[in-house]
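None of the figures in this text is laboratory data; all of them are computed from the coordinates on show. What you are looking at is a predicted structure, and each value in this text was computed from that prediction instead of being measured. As a convention, Cβ positions derive from the backbone with ideal geometry for all residues, glycine included, and neighbour counts pool all protein chains shown.
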Amino acid sequence: MFEKIFGAGDTNSLTMNKPHPDSLLDTGVQGVISRPIDRVDGPLKVSGTATYAAEYQLDGLAHGVLVGSTVGKGRIVSVDADAVLGMPGVIDVVTDFDTFLRNAQQGGETTAPTQGVRDVDYFGEIVAIVLAESFEEARAAAYALPIEYEKKEGQYAFQAHRTEGETPPDSVTPAKFTQGDIDQAMRDAAVTVDVTYVTPSQNSAAMEPHASIAVWNDDALTLYGAYQMPTSDAQQLAKSLGVSDKKVRIIARYIGGGFGSKLGIAPESVAAAVAAKKLGRPVKAVMARGQVFDATVRRSNTEQHMRLATDRNGRLTAIGHDSLTSNLPGEDYFEPVGIGTHLAYAGENRSITHQLVPLNLTLSGSMRAPGEAVGMIGLECAMDELAEKLGMDPIELRRINDPAVDPEKDVPFSSRALTQSLDKGAELFGWNKRNAMPGQRREGEWLIGMGVASAVRGNQLQQSAAGIEIRPDGTATVASAMTDIGTGSYTILAQIASEILGIPLDKITMKLGDTIDPPAAGSGGSWGAASAGSAVYLAAEQARKKLAAAMGVEEAELTLKDGYAIGDNRQVPIGELVGSGIEVTGEIKPGSQEKQTTQASFGCHFAEVGVNAVTGEVRVRRMLGVFAAGRVLNAKTARSQCLGGMTFGIGAALTEDLIHDQRTGKLVNRDLAEYHLPVNADVPQLEVHFIDERDIHANPIHAKGIGELGISGAAPAVVNAIYNACGVRVRDMPITCDKLLAGLPPM
Amino acid sequence: MHFTINGQRHEADVDLRTSLLDLCREHLGLTGSKKGCDHGQCGACTMLVNGRRINACLSLAVMHQDDEIVTIEGLGQVGNLHPLQDAFVRHDGYQCGYCTPGQICSAVGMLDEQKKGWPSYVSESLTDSELTDAEISERMSGNICRCAAYPNIVDAIREVAGKGDRQPVLEAAKEIGA
Ligand code: FES
Ligand code: FES
């Protein structure tokens with residue numbers, strides 16, 4: 001659709017088939033890139049005037065309240081709508097057994113998720129929507145709606161079914177990878193570790209619940225939603241509703257966090273759209289918090305069999321990371337537990353495999369750093385165990401196994417600053433004060449320990465486009481169907497455009513989160529900044545070419561600063577060079593650089609914890625993350641991303657644990673009082689340090705993903721610190737007091 | 001029913017079951033206050049009622065007809081931000097922004113409570129507490145931020161409370177011989 005707005009002829013397209021050593025961000029003189037600039041959307045957010053999905057004020061809006069199933073597996077016999085249609089304000093009860101979504105869709109898919117809700121496959125599956133003139137009336141009727149089920153036998157208990165796992169199809173990572181002979185290497189090794197780590201299901205729990213307002217205009221749908229990836233979400237929605245992609249527009253200007261849970265469409269979207277069509281009025285459907293837990297996505301639980309083998313000097317000869325995860329029957333997605341293990345360390349003999357156990361529980365899908373976030377718990381805790389067995393410092397163990405090239409593909413890393421990060425972190429954190437013997441440092445009731453873990457997160461570039469318009473008054477608009485889910489996209493994209501075009505930030509209007517603008521990959525997998533940022537870069541480069549031509553100078557001779565074009569001893573306002581205005585589009589696509597180099601961001605985490613010797617309570621006292629992720633586009637928002645990731649790590653290590661009733665599949669702790677997110681008092685003043693780096697193989701802005709690097713390795717640093725503090729090695733997350741108590745040393 | 005919100009008089013004909021939060025969000029167009037849980041578990045809906053912070057999702061609108069209600073919209077506006085709003089922007093005390101109005105209203109209420117000498121769980125004294133970082137964190141723990149801007153939220157509040165800049169953790173670590 002954007003061709004109408006942005007002339008397709010003025011598209012600057014780049015496929016990353018070659019390194020891109022020169023960047024206009026290094027030659028720009030506006031001086032805004034990388035600086036810790038306040039968010040451009042900040043004043044709107046702090047004043048309550050940023051508009052989130054459920055907040056659009058529309059005439060004739062009907063309120064929808066979703067109804068979830070009360071069986072974990074079964075078939076709907078009847079929905080007795082008549083029983084509630086007479087209640088005050090009730091307009092209708094809508095179910096569509098074929099069209100409603102059984103479950104949410106995974107991110108980036110362009111097809112509909114599994115549809116159909118007559119047969120219920122998990123507790124809380126959304127089976128109906130009740131519409132009324134007010135929220136209160138709809139809620140009362142939704143609670144009262146009689147639904148009769150024929151109950152069936154479901155599979156709810158992972159332990160009971162763990163042997164029924166099968167190898168799923170490959171995804172972002174191969175389901176099954178082997179190299180050499182790990183069994184032989186384990187037998188021949190001087191030192192081995194052979195342990196199993198377990199992590200529970202988790203929920204992204206973004207503070208904004210999933211919400212949709214659906215408005216039909218004849219046969220075209222506009223959906224105000226909470227989405228990370230509107231371009232592909234609109235396609236998913238169109239396919240689900242059986243309409244053409246062109247007929248669906250998604251608007252998601254502000255999103256109250258996503259962390260993976262809003263990558264694909266969730267059941268409320270289709271329920272709202274179907275109801276709005278039937279009623280002929282706009283319909284709003286907001287998930288209750290319990291429904292977010294029940295019927296969006298969970299991160300799968302994992303069981304990780306870790307095997308490590310070394311020679312006498314600590315050089316790894318084998319790495320095994322064989323995992324079990326779970327998902328709904330018929331769903332292929334598996335938590336890619338071993339994805340970081342492929343490139344973390346050297347070692348000739350390798351086995352990195354995944355098996356998927358079908359369970360009748362909420363869809364499992366992506367949550368912040370799918371794979372590394374939990375996989376690095378197994379890997380990095382096992383490395384800690386190995387270091388102890390070897391009598392070697394954990395940093396030294398990592399240093400000597402830091403591979404020069406990809407240990408499986410034999411291609412170079414685009415950049416890799418793992419050891420450098422560890423060294424810097426050790427210095428900043430005071431690692432040399434750590435006592436390698438656990439349980440030695442005591443302050444009153446508190447046992448104090450330090451832990452370290454590497455951070456590894458694969459880098460991705462996704463096809464994305466952005467448009468820039470420059471007007472005769474010297475102002476500009478940057479538009480893309482990219483989103484800002486709290487990541488800082490509004491700000492960093494404005495900084496990129498400003499740096500290259502020399503247009504001050506306050507003269508740039510940002511327009512994101514609307515599928516009428518150039519399509520983009522959106523926010524997920526930490527690719528957002530690099531992908532949309534490169535698209536803005538390319539659009540700005542194109543605009544710069546036009547400005548040079550209008551100025552009559554070579555591009556290399558042109559300087560753009562503070563709204564002026566300078567060259568050939570002339571200084572002209574940029575607005576005077578654009579005639580009646582110019583519009584350009586930039587488009588980035590991934591290319592063979594992804595194959596010619598292995599691209600990832602690296603870093604490490606250091607944690608110091610106190611373990612209460614009486615109660616087993618764990619307090620994180622301080623934490624440091626050191627990260628190398630290419631160019632940092634905004635030092636302030638990048639740091640915030642890392643704080644967020646590190647805090648997710650604290651939650652994974654200490655508190656977060658989705659518990660399902662093993663008999664019914666019902667999620668027991670489906671609210672924010674019982675699913676324990678880290679609160680302010682759980683999080684100390686975290687420190688973040690960036691290693692200065694450029695990745696010329698990644699993209700023209702030389703930046704890599706950062707939002708997930710901060711979680712990868714954060715939890716194991718805490719876990720390892722707990723061991724160092726008290727000598728109790730817990731391999732079952734989260735580490736709650738009860739798991740420590742029995743092993744604590746005597747007072 | 002009639003309400004006084006941000007110094008303005010509002011009339012609304014709402015269901016008796018309507019929460020104060022839904023009154024603002026669904027009936028008066030004041031969507032600055034957020035709904036994160038509707039169960040009093042997240043703090044996103046925090047408003048000031050007669051100067052005290054409350055979870056507006058847990059309170060019925062009908063109970064507040066004679067109260068002075070202040071929401072985020074009343075604290076300050078774009079171009080005329082309240083010092084805490086301004087400090088949140090400068091310290092990046094948010095990411096997605098969804099918990100932010102609640103955090104800021106909560107901080108306003110919290111600073112007043114602390115000034116009046118109300119103790120918290122971590123206070124050394126029941127009558128007289130110093131506004132340390134631990135006090136700020138404890139007193140702000142009813143406001144969940146999944147984006148986890150906590151360190152920056154503490155920085156913003158400390159600055160507005162006139163307690164200066166934080167002591168860097170790493171230097172603090174040196175002092176304790178870590
Ligand atoms: S919405 Fe009121 S506390 Fe969560
Ligand atoms: S800023 Fe996103 S939840 Fe706090």
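Points worth noting:
- Measuring nothing but how far apart in sequence close Cα pairs (under 8 Å, 6+ apart) lie, relative to its length, the range A:188-249 scores a relative contact order of 24 percent.
- Which of B:Trp118, A:Trp527 has the fewest Cβ neighbours within 10 Å, and the rest in rising order: B:Trp118, A:Trp527
- Cleavage-rule hits, GluC sites (Glu not before Pro), the range A:144-221, DSSP coil, Cβ neighbours within 10 Å at most 12: A:Glu153
- Placing dummy labels 7 Å off each Cα toward the beta-carbon, the span from A:Ala346 to A:Asp219 is 6.4 nm.
- Charge-dipole axis of chain A as Lys and Arg at +1 and Asp and Glu at -1 on Cβ define it, positive-most pick from A:Ile377, A:Ala50, A:Ala436: A:Ala436
- Centre-to-centre separation between the Cα atoms of the range A:206-262 and those of the range B:50-88: 31 Å.
- For chain A, complete DSSP H runs whose alpha carbons reach 30 Å or more along their own long axis and whose mean Kyte-Doolittle score is 0.0 or higher are A:528-551.
- Vicinal HN-Hα couplings computed from phi for the range A:351-363 (Karplus, 6.51 cos²θ - 1.76 cosθ + 1.60; Hz; Gly/Pro x): 9, 10, 10, 9, 10, 10, 9, x, 9, 8, 10, 2, 3
- Farthest positive-ward along the protein assembly as shown dipole, Cα basis, beta-carbon charges - from A:Ala81, A:Val191, B:Val62: A:Val191
- Contact order for chain A, expressed relative to its length and based on alpha carbon pairs under 8 Å spaced 6+ residues apart, stands at 18 percent.
- Reach of A:Lys389 by Cα under 24 Å, taken over lysines that are not fewer than 8 positions away in the same chain: A:Lys433, A:Lys739
- A dipole drawn for chain A from +1 and -1 charges on Cβ atoms has a positive end, and of A:Ser240, A:Gly563, A:Leu328 the residue lying farthest that way is A:Gly563.
- DSSP beta bridges confined to chain A are antiparallel in about 75 percent of cases.
- Shape class of the range B:83-176 from the Cα gyration tensor (axes a ≥ b ≥ c, square roots of the eigenvalues): oblate, since a/c reaches 1.5 or more and a/b does not exceed b/c.
- Here the label points at A:Ala549 and A:Arg663, each 7 Å from Cα along the C-beta direction, are separated by 7.5 nm in the simple model.
- Kirkwood Rh (inverse of mean 1/r, distinct Cα pairs), the protein assembly as shown, angstrom: 28.3
- The range B:2-74 - charge dipole about Cα centre, Lys and Arg +1 at Cβ, Asp and Glu -1, debye rounded to 20: 300
- Secondary structure note: in the range B:2-74, about 85% of the DSSP beta bridges are antiparallel.
- Computed lengthening from A:Lys595 to A:Lys176, 0.36 nm per intervening residue step minus Cα-Cα distance: 148.9 nm
- Global geometry of the range A:153-274, whether rounded, prolate or oblate, following the gyration tensor of its Cα atoms and the 1.5 cut on a/c: prolate
- Order of B:Lys163, B:Lys116, A:Lys636 - criterion: other Cβ atoms within 10 Å of each residue's Cβ, fewest first: B:Lys116, B:Lys163, A:Lys636
- For the set A:Lys176/A:Lys239; A:Lys247/A:Lys278; A:Lys262/A:Lys507; A:Lys262/B:Lys35; A:Lys246/A:Lys511, the pairs lying more than 23 angstrom apart at their alpha carbons are A:Lys176/A:Lys239; A:Lys262/A:Lys507.
- Relative exposure of A:Ser454, B:Ser129, judged by other C-beta atoms within 10 Å (fewest first): B:Ser129, A:Ser454
- Helix axis angle, B:150-160 relative to chain B longest principal axis, alpha carbon, degrees: 90
- Averaging Cα coordinates gives a centre for the range A:643-659 and one for the range A:321-396; these two points are 16 Å apart.
- Projected label distance in nm at A:Lys278 and B:Tyr121, using a 7 Å step from Cα toward the beta-carbon: 4.5
- Centre-to-centre, using Cα atoms only, the range A:105-157 and the range A:686-747 are separated by 37 Å.
- Cβ-placed point charges (K, R +1; D, E -1), dipole of chain A about Cα centre in debye, nearest 20: 740
- The calculated 222 nm mean residue ellipticity attributable to helices in the protein assembly as shown amounts to -7500 deg cm²/dmol, summing -39500 (n - 2.57) over DSSP H runs of n ≥ 4 and dividing by all residues.
- Residue mean of other protein chain beta carbons inside 10 Å, A:679-692: 6
- Efficiency of FRET from Cβ geometry, B:Asp112 and A:Ala742, R₀ 60 Å, rounded to 0.05: 0.85
- Across the range B:2-74, Cα pairs under 8 Å and at least six residues apart give a relative contact order of 40 percent.
- Between helix B:100-115 and chain B there is an angle of about 70 degrees, using the helix long axis and the longest principal axis of the Cα atoms.
- Set of the range B:3-24 residues, backbone N closer than 20 Å to the point 7 Å along the Cα-Cβ line of A:Thr51: B:22-24
- Tensor-based shape of the range A:397-447 (alpha-carbon gyration tensor, a/c under 1.5 rounded, otherwise prolate or oblate): prolate
- Reachable aspartates and glutamates, given that their alpha-carbon falls under 17 Å from the alpha-carbon of B:Lys116 and they are not under 8 places away in the same chain: B:Glu124, B:Asp128, B:Glu130, B:Glu135, B:Glu138
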